[in-house]
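One structure is given here, and the rest of the page talks about it.
The values are calculated or read from the model by the stated rules, or taken from the named source; none is laboratory data. In this text the structure is predicted, and so the values were computed from the model without any measurement. Cβ atoms come from the backbone with ideal geometry, glycine included; neighbour counts cover every protein chain shown. To get the accessible areas, we keep the full protein, side chains included, count just its heavy atoms, and leave off ligands, DNA and RNA. Shrake-Rupley method; radii C 1.70, N 1.55, O 1.52, S 1.80 Å.
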Amino acid sequence: MISPASNVDSPAAGPDEAARIGLIGAGWRAGLFASVVRTLPERFRIVAGLTRSDASAEEFSRRFDIPMTTDAEAFLGSEPMDYALVCVPRRATVPWVLRLAARGIPVLAETPLAPDVEALRRLFAELPDGARVQSAEQYRLQPHHAARLHIARSGLLGPVHSACVSTGHDYHGVALLRAALGLGFEEVRVSGATFADPVLSSLGRDGWDASPCVRTVGRLTARFQVPGRGLLGVSDFSHEQYFSPIRSRHVQIAGERGEVFDDDVHLLAGPADPLHLHLRRDVTGVDGDLEGKFLRRITLGERVTYTNPFAPARMSDEEIAIASVLTSMTRYVAGGPSFYGVADAAEDQYLALLAHDSAKDGRPRETDPDRPWAGEPSVLRP
């Protein structure tokens, strides 16, 4: 048995070695990460897993061939890990982040970082100096979103001043809005409202509904105004949009010279000279192509807006985003830059919580200028 200190002191995996990951959790999200690791064994390896029950430990171990335990100390003292991936219910995330950080173990925390503002403040009050913690926020890394953000940052649209996203709930939607607007920790005025959305059940996490019925789900619409910079972000989302074929997803990013609307790009090249371009997915395995089925890249005319770093692995966009998070974390623990720190993750959840608070009583909310993470650097601010 290796002592817990060995997890900290042992050298990180070399550049040609698979990153050694400790996994806490065995739920649906943990399963997605484990699937990506299994797809890319040359890059990642889960060396130990921890879950609460013997039944879930046995089932997860069988599915993914991962050594699992229900003993936290046994997990912490197992084979050396480069970092721990925390995929637990949101109420348990902060305690686990603090526990791992106190032992010097780098942490990749699944979203959201905390369930409420009180827990966010506790995290920043108790997190040890020098703790290496990052968030697994993945939305801006999904290929289609990454391509849109590339266009927004390229200058083609001119200065971007507004964005509307209808593609991810709460903190995911906020993270995408902040990325599109280049919004760090400026003061924001938040207005929220909820609506009933009756919809026929169809596709969900567990597959197709064999007996569809109409059910009512909540839809949250929120406006995020940034008076100091003249920016506006709008989020509008119902959970049915994640899977349902009759509730689509949309993204609009607008600048002075044009806009991105889903996969279309509208520009004004000159007087009476509008351009209407389309983001094209270059996918193999079609017609006579025998390379296999994978995303190669996304282009806008001759401009390459996204290149898949994991081709030719057969992966969904979400899996590519997860693999991108794991790759960034591997670089980070080896001395690379922060890619989505706790400050950005806290701001995402904080703004989402303000939207829900506003929706309850119809009154706008203003961000607290003294929120403890507001003085930290943001990867989203140009």
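Can you classify the stretch 178-316 as rounded, prolate or oblate using the Cα gyration tensor, where a ≥ b ≥ c are the square roots of its eigenvalues, rounded means a/c under 1.5, and otherwise it's prolate if a/b beats b/c and oblate if not? Present the calculation step by step, with values, prior to reporting the outcome.
Working: a/c = 2.00, a/b = 1.02, b/c = 1.95.
Verdict is oblate for the stretch 178-316.
Approximating the spin labels as points 7 Å out from Cα along Cα→Cβ, the A334-to-D209 distance works out to 4.6 nm.
Angle of helix 170-181 to the longest C-alpha principal axis of the chain, folded into 0 to 90 degrees and rounded to 10: 60°.
If I stretch the segment between E291 and D116 completely, what's the gain in nm (0.36 nm per residue apart, minus their alpha carbon distance), one decimal?
Working: separation 175, 0.36 × 175 = 63.00 nm, distance 4.71 nm.
In short, 58.3 nm is gained.
Note on the chain: with charges restricted to the Cβ of Lys and Arg (+1) and Asp and Glu (-1), its dipole about the Cα centre is near 260 debye.
Report the local net charge at A321: Lys and Arg +1, Asp and Glu -1, summed over other residues whose C-beta lies under 12 Å from its C-beta. Before the final figure, lay out each step's value.
Numbers: positive: R140; negative: E137, D317, E318, E319.
Combined, the nearby Lys, Arg, Asp and Glu give -3.
Accessible area per residue was computed with a 1.4 Å probe on protein heavy atoms; R148 scores about 20 Å². How far is helix 54-64 tilted off the main Cα axis of the chain, in degrees rounded to 10, range 0 to 90? The two axes meet at around 70 degrees.
Got a number for carbon plus sulfur as a percent of the chain's accessible area, 1.4 Å probe?
Values: 9170 of 17560 Å².
About 52 percent, which is the carbon plus sulfur part of the accessible surface.
Axis of helix 28-39 versus longest Cα principal axis of the chain: the two differ by about 80°, to the nearest ten degrees.
Loop-resident GluC sites (Glu not before Pro) (DSSP state other than H, G, I, E or B) in the stretch 215-289 with no more than 11 further Cβ atoms inside 10 Å of their Cβ: E256.
Among the trypsin sites (Lys or Arg not before Pro) within the stretch 265-329, which fall in a DSSP loop and have no more than 15 other Cβ atoms within 10 Å of their own Cβ?
On the way: sites: R280, R281, K293, R296, R297, R303, R314; in loops: K293, R314.
Counting only loop positions with at most 15 other Cβ atoms within 10 Å, the trypsin sites (Lys or Arg not before Pro) in the stretch 265-329 are K293, R314.
Only Lys, Arg, Asp and Glu carry charge here, each on its Cβ (+1 for the first two, -1 for the last two); on that basis the stretch 105-227 has a dipole of about 380 debye about its Cα centre.
Please report how far the C-alpha centroid of the stretch 202-232 lies from that of the stretch 20-52, rounded to the nearest whole angstrom. Cα centres, the stretch 202-232 to the stretch 20-52: 28 Å.
GNM remark for the chain: springs join alpha carbons under 10 Å apart, and the peak mean-square fluctuation among T299, T216, T69 falls on T216.
Each of R363 and E17 was given a label point 7 Å from its Cα along the Cα-to-Cβ line. The distance between the two points is 5.7 nm.
Using a Förster radius of 25 Å, what is the FRET efficiency between T307 and H250 based on their Cβ-Cβ separation? Nearest 0.05, please. Spell out each step's value before the answer.
Values: r = 24 Å, r/R0 = 0.98.
FRET efficiency, T307 to H250: 0.55.
In the stretch 273-334, which GluC sites (Glu not before Pro) fall in coil by DSSP and have 10 or fewer other Cβ atoms within 10 Å? Sparse-neighbourhood loop GluC sites (Glu not before Pro): E302. Can you list the residues of the stretch 219-260 with backbone N under 19 Å from a point 7 Å past the Cα of R381, pointing along Cα to Cβ? Residues 224-233 qualify, since their backbone N sits under 19 Å from the label point. Summed over qualifying helices (DSSP H, 4 residues or more, each -39500 (n - 2.57)) and divided by its residue number, the chain shows a 222 nm mean residue ellipticity of -9500 deg cm²/dmol. As a calculated quantity, the FRET efficiency between R281 and Y242 at R0 = 25 Å, using C-beta atoms, amounts to about 0.80. Using a/c under 1.5 as the rounded threshold, could you call the stretch 23-153 rounded, prolate or oblate? The axes a ≥ b ≥ c are square roots of the C-alpha gyration tensor eigenvalues, and prolate needs a/b larger than b/c, oblate otherwise. Note, shape of the stretch 23-153 comes out oblate. Just checking the listed ones, R91, R365, R62: in the Gaussian network model of the chain with Cα springs under 10 Å, the one fluctuating most is R62. Highest mobility in the GNM of the chain, judged by mean-square fluctuation with C-alpha springs under 10 Å and restricted to A125, A180, A30, is found for A125.
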